[in-house]
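Report on the following structure.
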Amino acid sequence: MKLSAKTRYAARILLFLAKNGLEKPVSSSQLAAQTGISSQFSEQILRQLRLAGITGSIRGAKGGHVLLRKPEELTFGCIVKLMEGGIELTNCMEKPGECARFDGCEVRKAWENLQATLDGVFESITLRDLMHDPHILL
């Protein structure tokens with residue numbers, strides 16, 4: 001299991017907007033310069049975030065990108081679900097009906113417990129947490 005660059009960059013962009021884009025728009029060039037993410041890739045990510053209602057954009061000379069949701073509402077689970085479609089540790093957790101061994105699997109409960117723990121950790125960390133403690137432990 002490895003998170004894509006798109007997901008990692010989305011978290012970086014959202015944290016920057018949480019710190020800088022709540023009251024005034026952040027330009028695409030400023031966002032790219034401050035996050036180290038190319039403007040082209042940032043725009044792809046921001047489009048997905050806009051469609052989900054997480055960010056917005058304002059046109060014009062003083063325009064840019066803004067965060068529409070409160071930092072305490074945006075969890076890493078939300079980001080991962082949006083960018084990755086979620087994370088499943090095993091195929092049987094994602095599509096239980098496709099596993100012939102599902103009902104008799106002796107290790108399924110372990111996978112379920114691990115999945116629940118992972119999901120809980122992702123849902124427990126918000127952008128607000130990172131704004132106050134950038135060294136937060138997962």
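Results, tabulated for the structure shown:
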quantity: Sequence-distant aspartates and glutamates (8 or more away, or on other chains) whose Cα lies within less than 16 Å of Lys81; calculated: Glu73, Glu94, Asp119, Glu123
quantity: GluC sites (Glu not before Pro) lying in DSSP loop within the stretch 41-138, provided at most 12 other Cβ fall within 10 Å; calculated: Glu106
quantity: Gain in span if fully extended, Met1 to Glu98, counting 0.36 nm per residue against the direct Cα distance; calculated: 32.9 nm
quantity: Free-standing Cys residues across the chain, given no other cysteine C-beta under 4.7 angstrom; calculated: Cys78, Cys105
quantity: Given 13 as the ceiling on other Cβ atoms within 10 Å, longest exposed-site-free region of the chain for trypsin sites (Lys or Arg not before Pro) in DSSP loops; calculated: 3-58
quantity: Accessible surface, per residue, of the chain when the full set of protein chains is kept, probe 1.4 Å, Å²; calculated: 63 Å²
quantity: Within the chain, helix-based [θ] at 222 nm, where runs of 4 or more DSSP H residues each add -39,500 (n - 2.57), nearest 500; calculated: -15500 deg cm²/dmol
quantity: Radius, Kirkwood style, for the chain when every pair of distinct Cα atoms is counted (Å); calculated: 16.4 Å
quantity: Rounded percent of accessible protein surface that carbon and sulfur make up, the stretch 47-138, 1.4 Å probe; calculated: 53 percent
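The values are calculated or read from the model by the stated rules, or taken from the named source; none is laboratory data. This is a predicted model, so every value here is computed, not measured. Glycine also receives a Cβ, built like all others from the backbone with ideal geometry; neighbour counts cover every protein chain displayed. These accessible areas exclude ligands, DNA and RNA; they are computed on the full protein's heavy atoms, side chains included. Shrake-Rupley method; radii C 1.70, N 1.55, O 1.52, S 1.80 Å.
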